[in-house]
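Heads up, the thing below is written out as structure tokens.
The values are calculated or read from the model by the stated rules, or taken from the named source; none is laboratory data. Quick caveat: nothing in here was measured; it's all calculated off a predicted structure. So basically every Cβ, Gly included, is an ideal-geometry build from the backbone, and we count neighbours across all protein chains shown. To get the accessible areas, we keep the full protein, side chains included, count just its heavy atoms, and leave off ligands, DNA and RNA. Shrake-Rupley method; radii C 1.70, N 1.55, O 1.52, S 1.80 Å.
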Amino acid sequence: MSQFQLYFELGYKHILDLKGFDHILFVIALCAIYLARDWKKILILVTAFTIGHSITLALATLNVIKVNSDLIEFLIPVTIAITALANIFKPKPSNSRGIQLNYIFAIFFGLIHGMGFSNYLRSLLGREASIFQPLLAFNIGLEVGQLLIVALFLLASSLLVGLIGVNRKEWTLVISAVVLGMSIMMMIDTKFW
């Protein structure tokens, strides 16, 4: 197995690991207000998140920035809760062409999530001579896993809202409320304070 393939699979499996479902919850919270027909907005959203987490993942893995891992583990569910709460107050995407709040959440909160991944990746890399290729492969694996989560969620949304006739606003509110509740439980479990 090549080094690229190894780190790609590690990134892919890391994102889809149900034991660490915080990232899955965040992606669902980001996408909860969208349907498959909003694919352009979702593409911007996913790209913004990838840019955010890639920046801090690289900086923290290279030891350019150092953060308290307990603080980051607390802030990750906070980002999920804020995103879910925003969906509850505004359960439909705006029709304007301007920057939407979820785009800002994606890039800014992506910075926080990237710091969470950095400890994991740094422990995997050990004393690798060059981390560029492993870092790139890991990020691509994360992105592919994230796109799979988005696709599955949008498929479920399209089936329930489009075919079965579930009210779109109610779907968004239920999903966001469940994600909010789970993120609050995660915050309590971190016991950062």
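Keeping every protein chain present and rolling a 1.4 Å probe, give me the accessible area per residue for the chain in Å².
Computed with neighbouring chains in place, this is 53 Å² per residue.
Once you have a ≥ b ≥ c as the square roots of the Cα gyration tensor eigenvalues for the chain, tell me rounded if a/c is under 1.5, and otherwise prolate or oblate according to whether a/b is larger than b/c. Verdict is prolate for the chain. Ellipticity at 222 nm from helices only: DSSP H runs of n ≥ 4 in the chain, each -39500 (n - 2.57), divided by the residue count, give -25500 deg cm²/dmol.
Roughly how many percent of the accessible protein surface of the range 3-189 is carbon and sulfur, given a 1.4 Å probe and a whole-percent answer? The nonpolar share, carbon plus sulfur, comes to 70 percent.
Applying a length cut-off of 24 Å (Cα extent along the axis) and a mean Kyte-Doolittle floor of -0.5 to the DSSP H helices of the chain leaves 39-61, 69-89, 101-125, 132-157, 168-190.
Spacing of the modelled spin labels on Phe132 and Gln3, each 7 Å from Cα toward Cβ, amounts to 1.1 nm.
Taking the Cα centre as origin and putting +1 on Lys and Arg beta-carbons and -1 on Asp and Glu beta-carbons, what dipole magnitude results for the chain, to the nearest 20 debye? Walk me through the numbers on the way to the answer.
On the way: 14 positive and 10 negative charges, 107 e Å.
With Lys and Arg at +1 and Asp and Glu at -1, about 520 debye.
Per-residue extension of 0.36 nm, minus the Cα-Cα distance of Leu125 and Leu101, leaves a gain of 5.2 nm for this segment.
Oblate is the label for the range 57-120. Its Cα gyration tensor axes, ordered a ≥ b ≥ c, give a/c of at least 1.5 and b/c at or above a/b.
The calculated FRET efficiency for Leu159 paired with Ile184, based on their beta-carbon distance and R0 = 25 Å, is about 0.35.
For the chain, what's the relative contact order in percent, using C-alpha pairs closer than 8 Å and at least 6 residues apart?
Working: 239 pairs, mean separation 82.7, N = 193.
Once normalised by length, the contact order is 43 percent.
Computed packing ranks the peptides 151-157, 100-106 as 100-106, 151-157, most packed first, by mean other Cβ atoms within 10 Å.
Grab the beta carbon distance between Phe21 and Lys92, set R0 = 25 Å, and tell me the FRET efficiency rounded to 0.05. It would help to have the intermediate numbers written out before the result.
Values: r = 26 Å, r/R0 = 1.03.
Calculated transfer efficiency: 0.45.
One Cα centroid belongs to the range 143-193, the other to the range 12-48; the line between them spans 9 Å. Here the spin labels are modelled as points 7 Å beyond Cα on the Cα-Cβ line, and at Lys66 and Leu152 they lie 3.8 nm apart.
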